[in-house]
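Taking it in order: structure first as structure tokens, then the write-up.
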Amino acid sequence: MKFKNILLASAFVALAPFAAMAQEVESSANIGIASDYVWRGVSQTNGRAQVFGGVDASAGSFYVGAWASNVDWQPDAELEVDFYAGYKPVLGPVTLDLGAAIYTYPQDRALNLVEYKAAASVTAPGDVAFSLSYYYSPEVGKGGPSSTYGELGVSAPIPGAKVGPFALAVAGAYGVYNYSSPTWTDYNNYKIALSGTTENGWGVEVGYTDTDVSGVSIYDGRGYATLKKTF
């Protein structure tokens, strides 16, 4: 079953750009560092620093990309490499995001997983953006349970607020992770953040995130800071 899921997601990732070959392709790359790699409230680097980078391409409403980072949440996993693709149609004031991602760990392939995404976002007056996202994975790691993750997010610029060249914005998110197996721990998480962006592609973010899981250090509440450059 997992092999079929990987094949399906791989085909989606590989074929998405061809659906938009007749349209102009735009591309970008990014690199960055962070004090911690926090994903859905959980540290993927065991509280240590992160170095990451990725490439993205889009054509019309289609997009595809790849991203990599160091990790340290399992004994044999030191690198994460992700591949993703999707389609973002616009329906009136709502932008949809329908996609798939493959998370791979070259040193421990038993951790690899496929995830499907359906999301919607809308921007209100004042550039206040609201988003609702739903993710589904048929199998979390080799032999693992299926999972779902839902997240509600909001972000807004701070009118006129700047620190040097950085225009400031605030954001928050609340998510719920559920597994199909009772031996896996369901949890809730939240994040609040202050970010700054420049016109030439620099971005910074400082924030705080926490979960309702106790007694496991990678789930503990923590502050973080990220510096990113997009080319």
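Pairs meeting the criteria (first residue in the stretch 145-169 and in contact (Cβ under 8 Å) with a residue 40 or more places away in the chain, second residue of a type outside the set (Gly, Ala, Ser) and part of a loop (DSSP other than H, G, I, E, B), beta carbons under 7 Å, at least 6 apart or on different chains) are Tyr149/Arg40. Being touching a Phe, Trp or Tyr at 6+ places or on another chain (Cβ under 9 Å) and either modelled with pLDDT under 95 or under 19 Å from Ile31 (Cα atoms) (or both) is the filter here; which residues of the stretch 208-225 pass it? Once the filter is applied, which keeps residues that are touching a Phe, Trp or Tyr at 6+ places or on another chain (Cβ under 9 Å) and either modelled with pLDDT under 95 or under 19 Å from Ile31 (Cα atoms) (or both), the stretch 208-225 yields only Tyr224. The listed residues are Val51, Val38, Val64, and the only one of them that is buried (at least 16 other Cβ atoms within 10 Å of the Cβ), under 22 Å from Asp210 (Cα atoms), among the hydrophobic types (A, V, I, L, M, F, W, C) and under 16 Å from the mean Cα position of the chain (by Cα) turns out to be Val38. Looking at Val114, Val122, Val140, Val154, just one residue is more than 23 Å from Asp56 (Cα to Cα), in a strand (DSSP E or B), β-branched (Val, Ile, Thr) and under 19 Å from the mean Cα position of the chain (by Cα), and that residue is Val154. Restricting attention to the stretch 25-58, the residues that are over 24 Å from Tyr134 (Cα atoms) and in a strand (DSSP E or B) add up to 14.
The residues of the stretch 155-199 that are under 25 Å from Gly144 (Cβ atoms) and surrounded by fewer than 16 Cβ atoms within 10 Å (Cβ to Cβ), listed by number, are Tyr174, Val176, Asn178, Ser180, Ser181, Pro182, Thr183, Trp184, Thr185, Asp186, Asn188.
The values are calculated or read from the model by the stated rules, or taken from the named source; none is laboratory data. As the structure is a prediction and not an experimental result, all values here were calculated from the model. Don't worry about glycine lacking a Cβ; one is built from the backbone with ideal geometry, like all the others, and counts go over all protein chains shown.
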